[in-house]
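Trainee: Before I ask anything, let me first share the structure, which is written out below as structure tokens.
The values are calculated or read from the model by the stated rules, or taken from the named source; none is laboratory data. In this text the structure is predicted, and so the values were computed from the model without any measurement. Neighbour counts are summed over all protein chains in view; Cβ atoms, including those assigned to glycine, are modelled from backbone coordinates with ideal geometry.
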Amino acid sequence: MAETTGAETTAAETLVRDFLAAVERRDVAACQAVMAPDIVMTFPSGVRHADIQALFASSGKRYRAVAKTIEQVDVLPTGAEAAIVYCFGTLYGTWMNGQAFDGIRFIDRFEIKGGLITRQDVWNDSAIFRPAEEPSTPASRATLL
């Protein structure tokens, strides 16, 4: 493994935090600026997106609003300008029925190469907390964050 500097580790964490903030704002341009053209984003139930606008459209069917409280970010340098970043904490927001939620655990795993996000894998417990009137088919359990 190539040696990396603390600055590269800090840059990877900043990239992930800025991306997640842009997702919360639904800032398409800011998201696309840090996404590799061939990015793969995988969400609970195996739902995949390669386009941020498709992701926003999908999450708009599940949440009125959703955001993250980031508790910790771990960066694993994997080479020059490359890293794996784990981000975890809790989700909060509002379901489509207007009911607020908070404290739903999440973990995001990112792969970064050349200053761009090439992969994002998302795990969370939202299916456990979704209101009973919300659909419960496998496709509907996919979540944004």
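Trainee: Specify which of the listed residues (100, 12) is more than 14 Å from the chain's Cα centre (by Cα) and buried (at least 16 other Cβ atoms within 10 Å of the Cβ).
Mentor: 12
Trainee: If residue 72 passes every condition in (1) free of Cβ contacts under 8 Å to residues at least 40 places away in the same chain; (2) on the phi > 0 side of the Ramachandran plot; (3) loosely packed, with under 15 Cβ neighbours inside 10 Å but one, which one does it miss?
Mentor: Tallying (1) free of Cβ contacts under 8 Å to residues at least 40 places away in the same chain; (2) on the phi > 0 side of the Ramachandran plot; (3) loosely packed, with under 15 Cβ neighbours inside 10 Å, residue 72 fails exactly one: (2).
Trainee: Which of the following residues is touching a residue at least 40 places away in the same chain (Cβ under 8 Å), aliphatic (A, V, I, L, M), in a strand (DSSP E or B) and more than 17 Å from residue 130 (Cβ to Cβ): 107, 39?
Mentor: 39
Trainee: Also: Please go through region 43-64 and give me each residue that is of a type outside the set (Val, Ile, Thr) and more than 20 Å from residue 16 (Cα to Cα), ordered by number.
Mentor: 45, 46, 57, 58, 60, 61, 62, 63, 64 - these are the residues of region 43-64 that are of a type outside the set (Val, Ile, Thr) and more than 20 Å from residue 16 (Cα to Cα).
Trainee: Quick one: count up the residues across region 77-90 that are more than 15 Å from residue 43 (Cα to Cα), surrounded by 14 or more Cβ atoms within 10 Å (Cβ to Cβ) and not acidic (Asp, Glu).
Mentor: Qualifying residue count, region 77-90: 8.
Trainee: Tell me which residues, restricted to region 76-122, are in contact with a Pro (Cβ under 9 Å, 6 or more places away or on another chain) and of a type in the set (S, T, N, Q).
Mentor: 97, 99
Trainee: Sticking with this structure for a sec: Kindly check whether there is at least one residue in region 11-33 that is outside any helix (DSSP H, G or I), farther than 21 Å from residue 124 by Cβ and in contact with an Asp or Glu (Cβ under 9 Å, 6 or more places away or on another chain).
Mentor: no
Trainee: If residue 93 passes every condition in (1) surrounded by 16 or more Cβ atoms within 10 Å (Cβ to Cβ); (2) modelled with pLDDT of 95 or more; (3) not polar (S, T, N, Q) but one, which one does it miss?
Mentor: (2)
Trainee: Go over the candidates 122, 66, 73 one by one and state the one that is in a strand (DSSP E or B) and either under 15 Å from residue 15 (Cα atoms) or among the polar types (S, T, N, Q) (or both).
Mentor: 73
Trainee: Now a separate question. Being closer than 30 Å to residue 9 by Cβ, small (Gly, Ala, Ser) and modelled with pLDDT under 95 is the requirement here; does residue 79 meet it?
Mentor: When the stated conditions are applied, residue 79 passes them.
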